[in-house]
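The values are calculated or read from the model by the stated rules, or taken from the named source; none is laboratory data. Since the model is a prediction, treat every value here as computed from it, not as a measurement. For neighbour counting, all protein chains shown are included, and Cβ atoms are generated from backbone atoms with ideal geometry for every residue, glycine included. Only protein heavy atoms, including side chains, enter the accessible area calculation; ligands, DNA and RNA are left aside. Shrake-Rupley method; radii C 1.70, N 1.55, O 1.52, S 1.80 Å.
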Amino acid sequence: MFNDLRTWFIAGALGLLTACNNSPEYQESLSPVVLENGIQVSTCHDYEQMRAAFQLSETLGNQLTSAEYLVCSLAVGVTANPNKDKSLRAIFHGLDVRALPTSLGPLIEKGVSLSSAGFQLWLERSMLTYNDDGSQLQIQYKGQLKNGNHLIWVSDRSVDGNYASFFPAIVVMEDGKAVGAAPLYASGF
């Protein structure tokens, strides 16, 4: 069973990397996921509507498959940011690790920025990464929203393959500084 989960985990991770590193287009049909109310969805449209009220069912398979649904978040009207590097630096130096619900959050004190927690900044990839013996976190910058905030994709995976979380988040900016994060969907992260 461990090998099956590991294979599934690797396939999900590869799918996310493909989605993050290419300019994905809004997709209609995806692998099915189950929400906490038991309803199964397999399109961005259904996923977005249901996420207004329900979170994903907490199973490893569901969490891995949710990586495919990150592309659905691009429908919020993300625009190219001519100051992308400046915005990414503001997120790197200003966003509190605990603003995002990741496996690293409980291990870090409140008020510690991503840069102070040991994340690496990759401007050429529009990405922040954190790797240790137990977890791998990736924050992919996707663009600016009309209200001046920014869309990111978060990938949080355990090295041993027993935990995975993929979700879009909105980084709230004020006067060019990252002051917090909020879930894209009304049901939460």
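Restricting the search to the range 45-74, which residues are assigned to a helix (DSSP H, G or I), over 30 Å from Glu174 (Cα atoms) and touching an Asp or Glu at 6+ places or on another chain (Cβ under 8 Å)?
His45
Quick check on the range 118-125. Is at least one of its residues touching a strand residue (DSSP E or B) at 6+ places or on another chain (Cβ under 7 Å), farther than 22 Å from Glu58 by Cβ, without any contact (Cβ under 8 Å) to a residue 60 or more places away in the chain and open to solvent by 60 Å² or more (accessible area, probe 1.4 Å)?
Yes; the residues of the range 118-125 include at least one that is touching a strand residue (DSSP E or B) at 6+ places or on another chain (Cβ under 7 Å), farther than 22 Å from Glu58 by Cβ, without any contact (Cβ under 8 Å) to a residue 60 or more places away in the chain and open to solvent by 60 Å² or more (accessible area, probe 1.4 Å).
Residue by residue, here is whether (1) more than 16 Å from the chain's Cα centre (by Cα); (2) under 21 Å from Phe189 (Cα atoms); (3) of a type outside the set (A, V, I, L, M) holds:
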residue	(1), (2), (3)
Lys110	yes, yes, yes
Ser116	yes, no, yes
Leu123	yes, no, no
Thr129	no, yes, yes
Ser135	no, yes, yes
Tyr141	no, yes, yes
Asn147	yes, yes, yes
Val159	yes, no, no
Tyr163	no, yes, yes
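Name the single residue that is surrounded by the fewest Cβ atoms within 10 Å (Cβ to Cβ) among those in the range 53-74 being in contact with a Phe, Trp or Tyr (Cβ under 8 Å, 6 or more places away or on another chain) and among the small types (Gly, Ala, Ser).
Step by step, filter the range 53-74, then rank; the result is Gly61.
When you scan the range 144-158, how many residues do you find that are open to solvent by less than 50 Å² (accessible area, probe 1.4 Å) and free of Cβ contacts under 8 Å to residues at least 40 places away in the same chain?
Number of matching residues: 2.
Inside the range 98-115, can you point out the residues that are without any contact (Cβ under 8 Å) to a residue 60 or more places away in the chain, among the aliphatic types (A, V, I, L, M) and in contact with a strand residue (DSSP E or B) (Cβ under 7 Å, 6 or more places away or on another chain)? Outline the logic, then answer.
So in the range 98-115, the residues without any contact (Cβ under 8 Å) to a residue 60 or more places away in the chain come out as 98, 104-115.
From what's left, among the aliphatic types (A, V, I, L, M): 104, 107-108, 112, 114.
Residues satisfying the conditions are Leu104, Val112, Leu114.
Which of the following residues is out of contact with any Gly (no Cβ under 6 Å at 6 or more places or on another chain), among the basic types (Lys, Arg) and within 15 Å of Gln140 (Cβ to Cβ): Lys110, Lys84? Lay out the reasoning, then the answer.
Working: Lys110 fails: within 15 Å of Gln140 (Cβ to Cβ).
Unique residue meeting the criteria: Lys84.
Would you kindly identify the strands (runs of 3 or more DSSP E) lying entirely within the range 100-156 that contain at least 1 residues that are within 26 Å of Asp175 (Cα to Cα) and modelled with pLDDT under 95?
none
Within the range 75-99, can you find the residues that are part of a helix (DSSP H, G or I), open to solvent by less than 40 Å² (accessible area, probe 1.4 Å) and over 23 Å from Gly188 (Cβ atoms)?
Ser87, Leu88, Ala90, Phe92
Residue by residue through the range 159-178, note down the ones that are part of a strand (DSSP E or B) and surrounded by 15 or more Cβ atoms within 10 Å (Cβ to Cβ).
Result: Ala164, Ser165, Phe166, Phe167, Pro168, Ala169, Ile170, Val171, Val172, Met173, Ala178.
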